[in-house]
Structures are given as C-alpha cells and as structure tokens.
1. Keeping to segment 74-94, report how many residues are open to solvent by 20 Å² or more (accessible area, probe 1.4 Å), within 17 Å of the chain's Cα centre (by Cα) and touching a residue at least 24 places away in the same chain (Cβ under 8 Å).
2. In this structure, is Arg46 under 30 Å from Ala137 (Cα atoms) and over 13 Å from the mean Cα position of the chain (by Cα)?
3. Would you check if there is a residue in segment 128-137 being surrounded by 13 or more Cβ atoms within 10 Å (Cβ to Cβ), touching a helix residue (DSSP H, G or I) at 6+ places or on another chain (Cβ under 9 Å), small (Gly, Ala, Ser) and modelled with pLDDT of 90 or more?
4. Within segment 27-46, track down each residue that is in contact (Cβ under 8 Å) with a residue 60 or more places away in the chain and open to solvent by 80 Å² or more (accessible area, probe 1.4 Å).
5. So is Val65 surrounded by 12 or more Cβ atoms within 10 Å (Cβ to Cβ), over 11 Å from the mean Cα position of the chain (by Cα), at pLDDT 90 or above and among the aliphatic types (A, V, I, L, M) or not?
6. If you scan segment 106-143, which residues turn out to be in contact (Cβ under 8 Å) with a residue 24 or more places away in the chain and closer than 30 Å to Leu39 by Cβ?
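The values are calculated or read from the model by the stated rules, or taken from the named source; none is laboratory data. Predicted model, so just to flag it, every value in this text is computed and none were measured. Quick reminder, even Gly has a Cβ in these numbers, built from the backbone with ideal geometry, and neighbours come from all protein chains shown. Side chains are part of the model used for accessible areas, which takes the heavy atoms of the whole protein and leaves out ligands, DNA and RNA. Shrake-Rupley method; radii C 1.70, N 1.55, O 1.52, S 1.80 Å.
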Amino acid sequence: MDSSIIAAFSAILGTTVGGLTTFATTFLTQRYAMRRDILAKDVANREQLYSEFLKEVGNLYFDSVNRTLDDTSQQASLMRMYSLVGRVRMISSEAVLTSAEKLAEDIIESYKRPPMSFQEFQQSWEASNPWHEFTKACRAERQSMLGRL
C-alpha cells in the first residue's frame, strides 16, 4: 500500500474519532447539566410546597385551639390544606405523603376537641408534635434527592 494512502486514511480516522469524542463529551456534559438543573428545580419546588403546607397547617392548628369545625370561616383554609395534600400526593415520596395525610387528620381531630388553654395546648404539643414526622420525612426525601445531584 502506498504511504500517502495510509497517511490520508489515518488523518480521516483521527479526525472522525476526535470529532466523535468531542460530540460524545459535549452530549454527556449537557445531558448531566440538564438533569442536574431539573432535579435542583424539583427540590426547590418541593421545598416551597412543603413550606406552604406547613404554614397552612400551622394556621389551622392554632385556630383549632379555640374553634370547632362548625365555624364556617375556616372551611376555605381546610380546602387549601387538602389541596396542598393533593399536590403532595402528585410529587412526593410515599413517606412524605403518608405523614402529610396524618398531619391533615390530626388537624381535623384537633377541631373536634373542646377549646384549650395555652397550657393545655403546650402539653398536647409536647406529648405529640404533629409536625415531627412530616418534617422528618421531608428532610429524608430532600437528602435523597440532593444525593443524586
């Protein structure tokens, strides 16, 4: 074989391999960056949802200390809470969903109790903190998601 053909073939092969390597590297880098951005946005979205849920539940729990379910002024807030539970159901892990549903049930139960004094409220809170399980599940889910980044 002629040495000029070998040199030309080597040059074409080298260019092809170099081009494919550059393409593969760029493709994988872009894919990883896009996946990381989507995951980071998902984590931020979940943090905002859980924050909204805790705020709504906190307001309802505080309100339930002195009121009952018969008070029509809080029915809209209860519907917002259940709406947030529905959003949690769409995007969250099973542990977070289960604890959010339990927290919503605890709110309904707290409205069924008779009005409490602040001391009774504090004792009830210390006996069973209804937020602990939810926040623990949220933290575990967040750490799992951040571990995939």
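1. Final tally of qualifying residues: 4.
2. So Arg46 fails the test.
3. Yes: segment 128-137 contains one or more residues that are surrounded by 13 or more Cβ atoms within 10 Å (Cβ to Cβ), touching a helix residue (DSSP H, G or I) at 6+ places or on another chain (Cβ under 9 Å), small (Gly, Ala, Ser) and modelled with pLDDT of 90 or more.
4. Correct list: Arg36 only.
5. no
6. Pro130, Trp131, Glu133, Phe134, Thr135, Lys136, Ala137, Cys138, Ala140, Glu141, Arg142
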